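Working notes, structure below.
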């Protein structure tokens, strides 16, 4: 889940993608809220993503080449694990090449040799950077496309990362989006072969997304059915690799059943954790039956904008400055008055976003509810 809160200067990319103190504060609060494994939003590794995801973190040799900005970037990244680890949480960086997003929507030929080489180079550099900054690990992504090339890339990525990052405790995970694979023509059987390849390659965990488990979208029944089928069959192939799933899981009983029945090893959450930074502790402690039912459950873009705004609110103060209240300052979108005010601000922000696109400009930042 993208944060949109890192430094961004369209005219000076070497200063862009650096974590702010706001970043550090809200990651600290998630750790204090009881989360075991915490992942960043997508860290950009190529130039195309700068305009599509302004305010996301950036790691790359070009941005790391200037000594002054390199020191600033590394120091800022290092603050995140330093804030998270005292609470016992594991922090990983989610590495994403924006070309993967382009391929998903354009259905282009996805695995030419140049792209594979770039993905390997970028992923290896970023993984080493994260390790140097104290992160516990990194997660990469499965590229939709030719299975044989994909299998080789899956193996090469972790092999080269392990060879470059000498830390034996550095975790390497991988994200698999069933919808993107389906859109690219990958069958269910081929998806299970990919999971088997991930398992045999030695990845520490796999995160499966691409659907909504509890709230399937009726107009995308085939996509939702495939998502559930792959979730329920994944552990047959991932015998050594931990399986996490994320996407529309809200009730504690369903989370518990999926884990107790051995279907998966853990549950991932995104938008709900921005409304309740301590929802992990609440669920594990049997204090609540579910996450909050949010008003943007069927509106992904609205939910992303709301979550980014809530992350920004949570990050205005550190855990200590908030008197150990991890939810300090976060708006309650289940309050009708607050929701009305946010929707007005969202409409204004969306209009400015479209205007910026028309003018070939980039709109940065998140919705600020005053």
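The values are calculated or read from the model by the stated rules, or taken from the named source; none is laboratory data. Given the structure is predicted, the values throughout are model-derived calculations rather than measurements. For neighbour counting, all protein chains shown are included, and Cβ atoms are generated from backbone atoms with ideal geometry for every residue, glycine included.
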- Item | Given (1) under 26 Å from residue 198 (Cα atoms); (2) touching a helix residue (DSSP H, G or I) at 6+ places or on another chain (Cβ under 8 Å); (3) modelled with pLDDT under 95, number of the condition residue 52 does not satisfy | (1)
- Could you pull out the residue among 264, 288 that is in contact with a helix residue (DSSP H, G or I) (Cβ under 6 Å, 6 or more places away or on another chain), part of a loop (DSSP other than H, G, I, E, B) and more than 22 Å from residue 339 (Cβ to Cβ)? 264
- Query: Quick check: anything in segment 301-315 assigned to a loop (DSSP other than H, G, I, E, B) and touching a strand residue (DSSP E or B) at 6+ places or on another chain (Cβ under 9 Å)?
  - Reply: no
- Task: With the condition kept exactly as written, say whether any residue in segment 92-101 is out of contact with any helix residue (DSSP H, G or I) (no Cβ under 9 Å at 6 or more places or on another chain), part of a helix (DSSP H, G or I) and either more than 21 Å from residue 17 (Cβ to Cβ) or at pLDDT 90 or above (or both).
- Result: no
- Note on the structure: Conditions (1) in contact with a helix residue (DSSP H, G or I) (Cβ under 9 Å, 6 or more places away or on another chain); (2) buried (at least 17 other Cβ atoms within 10 Å of the Cβ); (3) modelled with pLDDT of 95 or more; (4) closer than 22 Å to residue 171 by Cβ -> residue 269 fails only (3)
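Could you tell me whether segment 271-287 includes any residue that is over 26 Å from residue 84 (Cβ atoms) and touching a residue at least 12 places away in the same chain (Cβ under 8 Å)?
So far as segment 271-287 goes, no, none of its residues is over 26 Å from residue 84 (Cβ atoms) and touching a residue at least 12 places away in the same chain (Cβ under 8 Å).
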- Query: Within segment 21-45, which residues are within 15 Å of the chain's Cα centre (by Cα) and more than 14 Å from residue 89 (Cα to Cα)?
  - Reply: 23, 41, 42, 43, 44, 45
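Do you know which of the residues in segment 125-178 that are part of a helix (DSSP H, G or I) and under 16 Å from the mean Cα position of the chain (by Cα) is nearest to residue 24 (Cα to Cα)?
Residue satisfying both the conditions and the ranking: 130.
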- Task: Looking only at segment 335-370, count how many residues are in contact (Cβ under 8 Å) with a residue 60 or more places away in the chain and over 16 Å from residue 54 (Cβ atoms).
- Result: 1
- Test residue 345 against the stated conditions and say whether it is over 21 Å from the mean Cα position of the chain (by Cα) and part of a helix (DSSP H, G or I). yes
- Message: Looking for something under 24 Å from residue 85 (Cβ atoms) and either surrounded by 22 or more Cβ atoms within 10 Å (Cβ to Cβ) or modelled with pLDDT of 65 or more (or both) - is there at least one such residue anywhere in segment 104-117?
- Response: no
- Query: Given (1) at pLDDT 85 or above; (2) within 18 Å of the chain's Cα centre (by Cα); (3) farther than 21 Å from residue 120 by Cβ, where does residue 73 come up short, assuming only one miss?
  - Reply: (2)
